[in-house]
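Below is one structure, written out as C-alpha cells; comments come after it.
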Amino acid sequence: MTQTLFNIRDRLALVTGSSRGLGNALARGLAQQGARVILHGRDLALVQAEARAVAQETGAEVEAVSFDVTDAKAAQQALETLINQHGVPDILVNNAGLQRRAPFNEFTPSDWDALVATNLSSLFYVSQVITRAMGERGSGKVINIGSVQSKLARETIAPYSATKGGVALLTQGMAADLARFNIQVNCISPGYFKTEMNTALWQDPAFNQWVEKRTPAQRWGHFDELVGTLVYLCSDASSFVSGQNIFVDGGMTSVV
Ligand code: NDP
C-alpha cells in the first residue's frame, strides 16, 4: 500500500536549476525512486555531465536541458522542444534561484531585477508552458522551492525575501487555478543548507553559530532531508493536497 501510494517510478520530472546544489540533490532523489529525470541549468556541458553521473549512480533515465529561466521566449522554445522529445512532464520542480545581499539602502535596481526575474518571474514563464500541457492531459504536480524567507525576513536580503514570499502566494494562486485540471501545486521551503549560493554564510563561523542556535535541530540541513517531502508531493499520496507550503527547516520557522 505504502509502496503504491508513494510510487513515482517512470514518472517524468523536470527539475530547474539542477546542475548543482539543492536542485541536483532533489533530482537525484527522484531518480533514486525510479523517476525519469530531466536536469537543467544554463551550462549545457555541465548539465549533460551531471545527467550522465546521475544516470550511472541511480540506473535511471536522465536527460539534460539548458535555458535561462529569466528569458520567457527561450524557456518556451526549450520546453516545447522538450515536450516534443520526451512528452509532458508529470512533475515540475521550480528550483532555480539566486541570492544577492546588501543593506536595503544600498541595493541596486539591477540586483533587484535579477532577483525578481530569477526567483519569481521565471516560475511564471516555466510553469505556464508545462501546466498548459499538463492541463490538456488532466494531471500534474508542480513543486515550487520557497525558503524560510517565504515567511520571515532578515537583514541584507529584503528583495530575496520579497521574491520568496511571492513564491508562496504564487503557489496558492496556481493551486486555485489549476486544481480543476487535476494539477496539484505545492511549495517546499528549505531552512539553511550549505550550497554554493550561501558559501559566504557557512564559511563565516559567527553565522554558523547563529544557524545552530536559531534552529531547534541545532544544525544545518542535509540535502537528502528534502527528498522525502518532495517524493510525497510528487506522488499519489498527495492527490488532495494543493497550495501548501511545507517548511523543511529543522523547526526554525516555528520558534522565535
Ligand atoms: P545554487 O546556487 O547552488 O544553485 C542554483 C541553481 O539554479 C543552479 O543549478 C543554477 O544553474 C540555476 N540557475 C540560477 N539562475 C538560473 C537562470 N537564470 N537560468 C537557469 N538556471 C539558473 O543554489 P541552491 O541550491 O542553494 O538553491 C536552490 C533553490 O533553493 C533556490 O531557489 C534557493 O532560493 C532555494 N533555497 C536554498 C536554501 C539554501 O540553504 N541553500 C535555503 C532555502 C531556499 P547555472 O548557474 O549553472 O545556470
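The values are calculated or read from the model by the stated rules, or taken from the named source; none is laboratory data. Source: prediction; values computed, not measured. So basically every Cβ, Gly included, is an ideal-geometry build from the backbone, and we count neighbours across all protein chains shown.
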* Structure fact -> The lone condition Cys234 fails out of (1) within 16 Å of the ligand (Cβ to nearest atom); (2) buried (at least 22 other Cβ atoms within 10 Å of the Cβ) is (1)
* Which of (1) more than 22 Å from Leu226 (Cα to Cα); (2) without any contact (Cβ under 8 Å) to a residue 40 or more places away in the chain; (3) among the acidic types (Asp, Glu) does Glu80 not meet, given it meets every other one? -> (2)
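Considering only residues that are of a type in the set (A, V, I, L, M) and farther than 23 Å from Lys194 by Cα, look in the stretch 15-42 and name the one that is farthest from the ligand (Cβ to nearest atom).
Narrowing the stretch 15-42 to residues of a type in the set (A, V, I, L, M): 15, 22, 25-27, 30-31, 35, 37-39.
Among the residues that remain, those that are also farther than 23 Å from Lys194 by Cα are: 35, 37-38.
Values: Ala35: 18, Val37: 14, Ile38: 13 Å.
Only one residue fits best here, namely Ala35.
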* Asked: Quick check: is even one residue across the stretch 43-57 modelled with pLDDT of 95 or more, within 16 Å of the ligand (Cβ to nearest atom) and in contact with a Lys or Arg (Cβ under 7 Å, 6 or more places away or on another chain)?
  -> yes
* Structure fact -> For Gly165, the lone unmet condition from (1) among the small types (Gly, Ala, Ser); (2) in contact with a Gly (Cβ under 7 Å, 6 or more places away or on another chain); (3) surrounded by fewer than 20 Cβ atoms within 10 Å (Cβ to Cβ); (4) farther than 25 Å from Ile8 by Cα is (2)
* Structure fact -> Heads up, the helices (runs of 4 or more DSSP H) in the stretch 72-189 (entirely inside) with at least 1 residues that are under 20 Å from Leu30 (Cβ atoms) are 72-86, 122-137, 158-178
* To do: Hey, could you check the stretch 190-217 for residues that are free of Cβ contacts under 8 Å to residues at least 12 places away in the same chain and in a loop (DSSP other than H, G, I, E, B) and say which is farthest from the chain's Cα centre (by Cα)?
  => Asp204
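Among the residues of the stretch 66-122 satisfying the criterion of being of a type in the set (Gly, Ala, Ser), touching a strand residue (DSSP E or B) at 6+ places or on another chain (Cβ under 9 Å) and more than 16 Å from Leu170 (Cβ to Cβ), which is nearest to the ligand (Cβ to nearest atom)? Reasoning before the result, please.
So in the stretch 66-122, the residues of a type in the set (Gly, Ala, Ser) come out as 66, 72, 74-75, 78, 87, 96-97, 102, 110, 114, 117, 121-122.
Those left that are additionally touching a strand residue (DSSP E or B) at 6+ places or on another chain (Cβ under 9 Å): 66, 78, 87, 96-97, 122.
Now restrict to residues that are more than 16 Å from Leu170 (Cβ to Cβ): 66, 78, 87.
Values: Ser66: 8, Ala78: 10, Gly87: 22 Å.
This residue is Ser66.
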* To do: Look at Ala200 and say whether it is more than 10 Å from the ligand (Cβ to nearest atom) and either within 23 Å of Ala102 (Cβ to Cβ) or β-branched (Val, Ile, Thr) (or both).
  => yes
